[in-house]
Amino acid sequence: GSRFPAVVSVTALRDDQNTIIGYLLIGTDNTARKQAEAEQKFLDQRVRDQQFYTRSLIESSVDALMTTDPSGIITDVNKQMEALTGCTRDELIGAPFKKYFTDPERAEAAIKQVLSVKKVTDYELTARARDGKKTEVSYNATTFYDRERTLQGVFAAARDVTERKRNEQALQETNVELQSATSAA
């Protein structure tokens, strides 16, 4: 009285006059296939959940994040990178990294430096948005690899340091004024 999933094939049996004289039924136990499908569905859902989690982490960053291939072509970005450049994700992906900076050669040198020494920190660049707005950024990057340790590209974070730069400039000007006042006194 037990039940199991089966794949059934039914074929009509005919005599010489093409009259149906019976049916041939072939049934195959489908339990293993159904189990494999259920396991695959579970694994697919886990992959989707992991991808959602990873994307959420990337999007929650306050820094503009991007990945490039080894030649400096952008392969992924977060919303902060879109805001920094004034471009959509689709416009950024496939474009050269250096295109979004006031000094493209310096930006390209940053990618080359990461590729040669595996990591760059506090590399200063000026990002240029589509509307011309310039943003001072501190560029930090590292290389990333696949499971076989084959280089895939560069993971980079660009932190807006415009306000910090303004504050440093104001502090420097105040120090100069204080030194002048001290000398005068």
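Laid out as a table, the results:
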{"quantity": "Helices (runs of 4 or more DSSP H) within segment 75-154 that include 2 or more residues open to solvent by 10 Å² or more (accessible area, probe 1.4 Å) and farther than 23 Å from residue 165 by Cβ", "calculated": "89-92, 104-117"}
{"quantity": "Yes/no for residue 98 being of a type in the set (D, E, K, R) and in contact with a Pro (Cβ under 7 Å, 6 or more places away or on another chain)", "calculated": "yes"}
{"quantity": "Residue in segment 29-47 that is farther than 30 Å from residue 80 by Cα, part of a strand (DSSP E or B) and modelled with pLDDT under 95 present", "calculated": "yes"}
{"quantity": "Yes/no for residue 135 being of a type outside the set (Gly, Ala, Ser) and touching a strand residue (DSSP E or B) at 6+ places or on another chain (Cβ under 8 Å)", "calculated": "yes"}
{"quantity": "Single unsatisfied condition, residue 85 versus (1) free of Cβ contacts under 8 Å to residues at least 24 places away in the same chain; (2) within 18 Å of the chain's Cα centre (by Cα); (3) more than 19 Å from residue 153 (Cα to Cα)", "calculated": "(1)"}
{"quantity": "Some residue of segment 57-64 being assigned to a loop (DSSP other than H, G, I, E, B), surrounded by 13 or more Cβ atoms within 10 Å (Cβ to Cβ) and charged (D, E, K, R)", "calculated": "yes"}
{"quantity": "Selection count where residues are of a type in the set (Phe, Trp, Tyr) and open to solvent by less than 100 Å² (accessible area, probe 1.4 Å), scope segment 1-53", "calculated": "0"}
{"quantity": "Condition check for residue 69: under 30 Å from residue 116 (Cβ atoms), acidic (Asp, Glu) and in contact with a Gly (Cβ under 7 Å, 6 or more places away or on another chain)", "calculated": "yes"}
{"quantity": "Pairs where the first residue, in segment 6-29, is without any contact (Cβ under 8 Å) to a residue 24 or more places away in the chain and the second is part of a loop (DSSP other than H, G, I, E, B) and acidic (Asp, Glu), C-beta under 8 Å, 6+ apart", "calculated": "21/15"}
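The values are calculated or read from the model by the stated rules, or taken from the named source; none is laboratory data. Since the structure is predicted, the reported quantities are computational estimates derived from the model, not experimental observations. Counting neighbours? That spans all protein chains shown, and the Cβs are built from the backbone with ideal geometry, glycine included. Each accessible area value is taken on the protein alone, full model and side chains, heavy atoms only, with ligands, DNA and RNA left out. Shrake-Rupley method; radii C 1.70, N 1.55, O 1.52, S 1.80 Å.
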